[in-house]
Amino acid sequence: MTDRIAVPEITPDDLIHTIENDDDIQVLDVRPAHRLADGRIDLLPEDRFFNMVVSQVMALQDPGEIGIDKNRPVAVVCAQGRSSQHVTMFLNEKGYQARSVRGGMAAWMMSGYPRDMAAPPGLDRLTQFDRVGKGSLAYLLASDGQALVIDPARNTEPYRKLADEIGARIVGVADTHVHADYISGGPALSAELGVPYYLHPSDNAHVYDGTPGKLDIAPVEDGSVIEIGRCAMDVFHTPGHTMGSVTYRIGDAVAFTGDFLFVKSIGRPDLGGKIDSWTGILWNSIVRAKETFPDSMAVYPAHYSSDSERREDRSVWATFGEIRSAGGPLAITSETEFAEWVKAHAASFPDAYRQIKVINVGLMEVSPEEADELEVGKHECAVG
């Protein structure tokens with residue numbers, strides 16, 4: 001029996017690093033074209049992204065017919081990282097420099113790429129985890145050997161890995177709200193580590209019929225304080241996207257706004273099916289934030305919609321003053337005008353969001369494969 005030939009691979013995190021550091025890499029996606037709408041690797045220029053199904057690639061005498069450049073490395077991606085291995089071997093036999101994306105698009109969608117941020121007073125470390133496939137952001141805060149994770153995805157390995165690397169013990173997990181676009185890793189990580197899971201109690205229920213959720217939460221409300229090492233983080237209730245939506249603040253330095261406030265938009269108030277009442281509640285939260293947040297406060301959201309929301313170092317955040325001066329919904333001065341603006345920008349959202357909310361309050365369980373299907377595509381949590 002001959003030994004199985006090892007197929008060269010590249011991890012999603014390494015691929016992100018390679019693309020963002022201007023390496024001339026190409027991507028060949030070997031899934032059917034209709035699956036690109038569910039999510040694709042879109043960080044690189046269009047002239048370096050190619051799509052052709054496995055059978056067609058393998059039938060080519062010259063893979064150059066696809067358009068890929070023999071002198072540039074190419075990352076091959078499929079759904080789960082299996083069929084891409086066959087294509088990778090085929091391309092390398094033809095003289096190309098190919099690597100298979102480990103875990104495929106399923107792994108790409110779950111990747112949480114770490115970016116270190118400037119730590120505010122009280123913290124030794126602040127890391128933003130960028131889930132580029134989803135446009136979602138999570139955070140790890142560390143102080144005096146203790147750490148807190150905010151808005152984690154269900155792949156909790158990146159947070160645990162970083163905590164181990166910096167010698168910090170995760171002492172709590174916090175969600176800014178019950179998410180609709182992805183399955184939270186908060187409850188599972190909390191149970192695994194035996195640490196509190198912080199959530200506003202208004203979100204521990206089925207939003208559509210009021211059935212109480214089954215989450216084991218450490219309830220927070222307006223004015224609550226969460227301590228991490230020498231850092232005291234206070235809770236600022238910002239309902240409207242959900243009734244339990246909160247912003248976690250560290251003094252006047254930073255605010256983790258979840259889906260309340262993004263760099264270029266706000267969280268939509270219609271995902272609970274109560275757009276009229278929740279729009280007014282969201283308006284009140286915005287007014288209160290405008291009266292309370294200093295312009296210098298750094299806003300760290302849970303989502304972004306495009307690269308235009310990134311800083312030069314690829315991190316996603318803005319000062320509250322920058323957000324206000326950009327206009328948009330924060331420039332609106334009357335509740336009536338705001339309600340009209342929201343309705344004018346209203347759009348449909350995936351049916352899966354209803355099911356994800358049920359899962360996120362502990363009323364349903366799904367397999368990892370079912371979770372992958374529910375979470376496909378970029379988030380649609382913003383209005384505007």
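The values are calculated or read from the model by the stated rules, or taken from the named source; none is laboratory data. Every value quoted in this text rests on a predicted model; they were computed, and no experiment measured them. Heads up, the Cβs are rebuilt from the backbone with ideal geometry, glycines too, and the neighbour counts pull from every protein chain shown.
For residue 100, which of the numbered conditions (1) under 17 Å from residue 15 (Cβ atoms); (2) part of a loop (DSSP other than H, G, I, E, B); (3) not assigned by TED's automatic domain parsing to the domain that holds residue 265 fails to hold?
Unmet condition: (2).
Only one of (1) surrounded by fewer than 17 Cβ atoms within 10 Å (Cβ to Cβ); (2) assigned by TED's automatic domain parsing to the domain that holds residue 159; (3) part of a loop (DSSP other than H, G, I, E, B) is not met by residue 133, so which one is it?
Exception for residue 133: condition (1).
Kindly indicate whether residue 147 is of a type in the set (Gly, Ala, Ser) and surrounded by 24 or more Cβ atoms within 10 Å (Cβ to Cβ). First the steps, then the outcome.
Numbers: of a type in the set (Gly, Ala, Ser): yes; surrounded by 24 or more Cβ atoms within 10 Å (Cβ to Cβ): yes.
Yes; evaluated as a whole, the condition is true for this residue.
Just wondering, is there one or more residues in the stretch 232-241 that are free of Cβ contacts under 8 Å to residues at least 12 places away in the same chain, under 25 Å from residue 339 (Cα atoms) and surrounded by fewer than 23 Cβ atoms within 10 Å (Cβ to Cβ)?
no
Here are some residues: 44, 123, 140, 148. Which one is modelled with pLDDT under 95 and of a type in the set (A, V, I, L, M, F, W, C)?
Working: 123 fails: modelled with pLDDT under 95; 140 fails: modelled with pLDDT under 95; 148 fails: modelled with pLDDT under 95.
One residue alone meets the criteria, 44.
Restricting to the stretch 188-207, give me the number of residues that are of a type in the set (Phe, Trp, Tyr) and either under 12 Å from residue 360 (Cβ atoms) or assigned to a helix (DSSP H, G or I) (or both). Write out each step before concluding.
Here is the first cut: in the stretch 188-207, the ones of a type in the set (Phe, Trp, Tyr) are 197-198.
Those left that are additionally either under 12 Å from residue 360 (Cβ atoms) or assigned to a helix (DSSP H, G or I) (or both): 197.
Selection size over the stretch 188-207: 1.
Go through the stretch 217-241 and report how many residues are under 23 Å from the mean Cα position of the chain (by Cα), assigned to a loop (DSSP other than H, G, I, E, B) and on the phi < 0 side of the Ramachandran plot.
Matching residues across the stretch 217-241 total 5.
Looking only at the stretch 83-93, decide whether some residue is free of Cβ contacts under 8 Å to residues at least 60 places away in the same chain and not in a helix (DSSP H, G or I).
No.
Quick check on the stretch 287-309. Is at least one of its residues assigned to a helix (DSSP H, G or I), under 18 Å from the mean Cα position of the chain (by Cα) and polar (S, T, N, Q)?
Step one: list which residues in the stretch 287-309 are assigned to a helix (DSSP H, G or I), which gives 287-292, 307-309.
From what's left, under 18 Å from the mean Cα position of the chain (by Cα): 307-309.
Among the residues that remain, those that are also polar (S, T, N, Q) are: 308.
Yes, the stretch 287-309 contains at least one residue that is assigned to a helix (DSSP H, G or I), under 18 Å from the mean Cα position of the chain (by Cα) and polar (S, T, N, Q).
Is it the case that the stretch 354-373 has a residue that's touching a Gly at 6+ places or on another chain (Cβ under 6 Å), surrounded by 15 or more Cβ atoms within 10 Å (Cβ to Cβ) and at pLDDT below 95? If you could, list the steps in order and put the result at the bottom.
Looking only at the stretch 354-373, we keep the residues that are touching a Gly at 6+ places or on another chain (Cβ under 6 Å), and these are 361-362.
Going one step further and asking which of them are surrounded by 15 or more Cβ atoms within 10 Å (Cβ to Cβ), we end up with 361-362.
Adding the requirement that they be at pLDDT below 95 leaves none.
There is no residue in the stretch 354-373 that is touching a Gly at 6+ places or on another chain (Cβ under 6 Å), surrounded by 15 or more Cβ atoms within 10 Å (Cβ to Cβ) and at pLDDT below 95.
Please determine, by comparing only the residues of the stretch 89-130 that are touching a strand residue (DSSP E or B) at 6+ places or on another chain (Cβ under 7 Å) and at positive phi, which one is surrounded by the fewest Cβ atoms within 10 Å (Cβ to Cβ).
The qualifying residue surrounded by the fewest Cβ atoms within 10 Å (Cβ to Cβ) is 122.
When residues of the stretch 163-187 are filtered for being hydrophobic (A, V, I, L, M, F, W, C) and assigned to a helix (DSSP H, G or I), how many remain?
The initial filter retains those residues of the stretch 163-187 that are hydrophobic (A, V, I, L, M, F, W, C), namely 163, 166, 168, 170-171, 173-174, 178, 180, 183.
Narrowing the set further to residues that are assigned to a helix (DSSP H, G or I) leaves 163.
Final tally of qualifying residues: 1.
Name the pairs: first residue in the stretch 61-75 and among the charged types (D, E, K, R), second residue assigned to a loop (DSSP other than H, G, I, E, B) and surrounded by 13 or more Cβ atoms within 10 Å (Cβ to Cβ), Cβ to Cβ under 7 Å, at least 6 apart or on different chains?
Going by the 7 Å Cβ cut-off, the qualifying pairs are 70/96; 72/25.
Take residue 164 and tell me if it is of a type in the set (Asp, Glu) and either in the same structural domain as residue 42 (by TED's automatic domain parsing) or touching a residue at least 12 places away in the same chain (Cβ under 8 Å) (or both).
Values: of a type in the set (Asp, Glu): yes; either in the same structural domain as residue 42 (by TED's automatic domain parsing) or touching a residue at least 12 places away in the same chain (Cβ under 8 Å) (or both): no.
Against the criterion (of a type in the set (Asp, Glu) and either in the same structural domain as residue 42 (by TED's automatic domain parsing) or touching a residue at least 12 places away in the same chain (Cβ under 8 Å) (or both)), residue 164 does not qualify.
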